[in-house]
1. Collect the residues in segment 139-157 that are within 26 Å of the chain's Cα centre (by Cα) and surrounded by fewer than 16 Cβ atoms within 10 Å (Cβ to Cβ), keeping them in residue-number order.
2. Could you list all residues from segment 157-184 that are within 16 Å of Glu221 (Cα to Cα) and among the aliphatic types (A, V, I, L, M)?
3. Among the candidates Leu69, Leu58, which residue alone is under 20 Å from Glu318 (Cα atoms) and modelled with pLDDT under 95?
4. Go through Ala372, Ala353 for me and flag whichever is under 26 Å from His274 (Cβ atoms), free of Cβ contacts under 8 Å to residues at least 24 places away in the same chain and of a type in the set (A, V, I, L, M).
5. Every residue in segment 188-217 that is out of contact with any Cys (no Cβ under 8 Å at 6 or more places or on another chain) and surrounded by 21 or more Cβ atoms within 10 Å (Cβ to Cβ), please.
6. Would you list the strands (runs of 3 or more DSSP E) that sit entirely within segment 68-183 and hold 2 or more residues that are under 30 Å from Val336 (Cα atoms) and hydrophobic (A, V, I, L, M, F, W, C)?
7. Among Val386, Val310, Val339, which is the only one that is under 30 Å from Leu286 (Cα atoms), buried (at least 16 other Cβ atoms within 10 Å of the Cβ), of a type outside the set (Phe, Trp, Tyr) and not assigned by TED's automatic domain parsing to the domain that holds Ser137?
Amino acid sequence: MSTQALPGPLLVEVQSFLESRVYPLERRLLREGLHALTDELEALRAEVKARGWWCPPLPRRLGGMGLSLTEFAHLSERLGRTPLGHYLFNCQAPDIGNMELLLAHGTPEQQERFLLPLVQGKIRSCFAMTEPEHAGSNPVWLSTTARREGDHYVLDGHKWFVTGADGAAFAIVMAVTNPEAERPHERASLLIVPTDTPGFLHVRRLPVMGELGEGWMSHSEVRFERCRVPMHYRLGPEGAGFALAQERLGPGRIHHAMRWIGICERALELMCRHALRRELAPGHMLADQQVVRHAIADSRAEIEAARHLVLATAEKIEQAGSHAARADISLLKFYVAGVLQRVLDRALQVHGALGMTDDTILAFWYRHERAARIYDGPDEVHRDLVARLELRRYVER
């Protein structure tokens with residue numbers, strides 16, 4: 001396939017599948033919760049797999065579609081138009097990032113035990129890095145430790161906002177293994193920790209914006225109390241945890257950003273449809289108001305700019321690697337997150353009181369996606385990096 005775009009008919013077919021089979025489930029998701037859709041979602045996942053749409057960014061030899069990062073970006077935008085899209089295609093966060101990590105750095109034994117069942121959709125996973133005692137804006141500040149005892153690591157620590165920990169089979173945990181390392185970025189390692197290991201404690205699901213969440217749509221607090229894992233469950237070299245996490249986050253931010261653009265497209269669609277059918281007075285539609293037309297125009301302009309920025313960055317990552325594109329990655333992270341907030345806010349405003357209810361999907365996204373400006377590094381951190389790299393060009397001159 002081309003690295004530039006997916007075949008149009010495939011995107012049309014996927015969009016038709018989502019509109020006809022998946023969008024109708026959203027009302028039940030909002031009213032009854034994820035557990036009420038278990039049977040329907042499993043049937044749809046089986047259908048997606050049968051159609052050959054399973055695990056889009058993974059190699060065909062593993063059962064994936066073999067898409068490049070740029071190709072997957074186009075598909076991810078379509079899947080992002082519904083909260084259920086990525087899960088149905090088995091490419092939801094954090095599982096897809098963990099799959100890519102295990103594929104690139106896992107040993108044959110690790111891939112056999114953890115990667116293959118994850119790819120097959122038999123299990124789920126989570127990624128534990130953020131700690132409540134430290135600002136997530138600097139991930140080298142960690143208190144969770146993994147000290148050696150014989151041929152095992154013994155973990156002690158406290159993590160939170162562990163997405164999908166509820167029901168996960170294993171966690172990839174960032175823990176300090178080399179506290180005496182000269183460089184802070186070389187003190188931590190990534191360890192694969194099965195969640196049934198003694199000492200792995202699922203403390204609670206975190207209520208976020210009034211919602212508790214469940215399964216892969218939840219966030220959890222966990223603790224490790226003398227949690228012993230074999231040394232051969234370390235992922236990559238000792239002390240390489242930060243480098244591997246950054247490698248995971250580069251493409252991951254492309255995934256997130258294109259999902260956000262999909263949300264924006266759906267929000268704009270809902271805004272336009274509501275404006276055209278909402279009658280304010282006989283013969284006058286909401287769409288006749290200039291302020292609404294400007295909201296629509298501004299949203300379209302920002303969505304197009306955001307899409308071009310993300311796709312250009314995806315191509316740069318493919319051609320030169322994540323490090324060469326680090327300024328671009330930070331730029332798109334805070335810019336697209338801002339576009340997402342503004343488009344959702346406009347759509348909700350145009351819907352009026354209806355937008356505050358769960359009769360549309362807008363309020364769900366408004367609650368859940370405010371975090372886009374926080375996770376994977378808050379806006380302020382990414383703005384600072386972009387500015388420092390920009391200023392460095394002038395200092396070097």
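The values are calculated or read from the model by the stated rules, or taken from the named source; none is laboratory data. What you see is a predicted model, and the numbers here were worked out from it, not measured in a lab. For neighbour counting, all protein chains shown are included, and Cβ atoms are generated from backbone atoms with ideal geometry for every residue, glycine included.
1. The answer is Val140, Trp141, Ser143.
2. Residues satisfying the conditions are Val162, Ala165, Ala168, Ala169, Ala171, Ile172, Val173, Met174, Ala175.
3. Leu69
4. Step by step, each of Ala372, Ala353 is checked, and only Ala353 is under 26 Å from His274 (Cβ atoms), free of Cβ contacts under 8 Å to residues at least 24 places away in the same chain and of a type in the set (A, V, I, L, M).
5. If the condition is that a residue be out of contact with any Cys (no Cβ under 8 Å at 6 or more places or on another chain) and surrounded by 21 or more Cβ atoms within 10 Å (Cβ to Cβ), then Ala188, Ser189, Leu190, Leu191, Ile192, Trp216 are the ones that fit.
6. 125-128, 152-163, 170-176
7. Only one candidate qualifies: Val339.
Results for (1) under 26 Å from Ser137 (Cα atoms); (2) modelled with pLDDT under 95; (3) out of contact with any strand residue (DSSP E or B) (no Cβ under 6 Å at 6 or more places or on another chain), shown as yes or no for each residue.
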site: Ile303; (1), (2), (3): no, no, yes
site: Leu309; (1), (2), (3): yes, no, yes
site: Thr360; (1), (2), (3): no, no, yes
site: Asp376; (1), (2), (3): yes, yes, yes
